[in-house]
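The structure under discussion appears below in the form of structure tokens.
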Amino acid sequence: MTAMKLAAGETFPVLKTARLGGGDLSLGKPSGSHDWQMVVVYRGKHCPYCSRYLQELEPLIPRLNGIGIDVAAVSADSLDRAEPHIAKLGVDLTIGYDLSVAQMKSLGLYISEPRSDAESPRPFAEPGLFIINGDGTLQVTDISNGPFVRPHLETLVGGLEFIRNPEHNYPIRGLLT
């Protein structure tokens, strides 16, 4: 079965999920004074690769915020899975939870059935990373079908610092298909 993947240069669909700590989280709409947003989709509590990725991401948040990029991470985990997981990781990230299968599909993510209830009680998204620019357009995208294939965060942040530097006038890449 083939799902449509979001392409660079497309408008990112603004989605709402529940947010740890209360309220809603808008994916595709940066918060505060930020004009861009990074959305990191992670598999959930059951994935040690995702846990490590979130821990590696947290210390890079000041650099991303410094270049105007808001950061949010989201999974299909329920509140009762997400809250203790994030607390155990000891990270201070904006976290969304209860990402629905319909929302996963609208983002073009790969979706997996759990192998058992111990893994996850419901389908979950495989990793995705989206950088949405100030126009609401997808500037950079990475969609994976496995937890061990995703961008190296230091390299990504360095690239985003380059892109956000007005002297470089760096366009959205990969628009020719």
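Output the qualifying pairs, or none if there are none: Cβ atoms under 8 angstrom, residues six or more apart or on different chains, first residue in segment 1-30 and free of Cβ contacts under 8 Å to residues at least 12 places away in the same chain, second residue among the polar types (S, T, N, Q).
Lys16/Ser26; Asp24/Thr17
Somewhere in segment 48-66, is a residue in contact (Cβ under 8 Å) with a residue 40 or more places away in the chain and assigned to a loop (DSSP other than H, G, I, E, B)?
no
Within segment 74-95, is even one residue part of a strand (DSSP E or B) and under 18 Å from Asp24 (Cβ atoms)?
The answer is yes; a qualifying residue exists.
Test each condition in (1) touching a residue at least 40 places away in the same chain (Cβ under 8 Å); (2) within 22 Å of Val14 (Cα to Cα) for Ser120 and report the one that comes out false.
(2)
Quick check: is even one residue across segment 144-158 more than 24 Å from Ala7 (Cβ to Cβ) and surrounded by 21 or more Cβ atoms within 10 Å (Cβ to Cβ)?
Scanning segment 144-158 turns up no residue that is more than 24 Å from Ala7 (Cβ to Cβ) and surrounded by 21 or more Cβ atoms within 10 Å (Cβ to Cβ).
So the check is Cβ under 8 Å with 6+ separation or different chains; which pairs have a first residue in segment 154-177 that's within 13 Å of Asn133 (Cβ to Cβ) and without any contact (Cβ under 8 Å) to a residue 24 or more places away in the chain and a second one that's of a type outside the set (D, E, K, R) and assigned to a helix (DSSP H, G or I)?
Within 8 Å, the pairs are Tyr170/Phe162; Tyr170/Ile163.
Return the residues of segment 36-63 that are open to solvent by 40 Å² or more (accessible area, probe 1.4 Å), farther than 14 Å from Pro151 by Cβ, touching a helix residue (DSSP H, G or I) at 6+ places or on another chain (Cβ under 7 Å) and among the charged types (D, E, K, R); say none if nothing qualifies.
Residues satisfying the conditions are Lys45, Arg63.
Kindly provide the set of residues from segment 64-77 that are in contact with a Gly (Cβ under 9 Å, 6 or more places away or on another chain) and open to solvent by 10 Å² or more (accessible area, probe 1.4 Å), ordered by number.
Asn65, Gly68, Asp70
Can you confirm whether Glu119 is charged (D, E, K, R) and part of a loop (DSSP other than H, G, I, E, B)?
yes
How many residues does segment 78-98 hold that are in contact (Cβ under 8 Å) with a residue 40 or more places away in the chain, open to solvent by 10 Å² or more (accessible area, probe 1.4 Å) and within 25 Å of Gly136 (Cβ to Cβ)?
The number of residues fulfilling the criteria is 3.
The values are calculated or read from the model by the stated rules, or taken from the named source; none is laboratory data. Bear in mind the structure is a predicted one, so any value in this text is a computation, not a measurement. Reconstructed Cβ throughout: ideal geometry from the backbone, glycine too, with neighbour counts over all protein chains shown. Side chains are part of the model used for accessible areas, which takes the heavy atoms of the whole protein and leaves out ligands, DNA and RNA. Shrake-Rupley method; radii C 1.70, N 1.55, O 1.52, S 1.80 Å.
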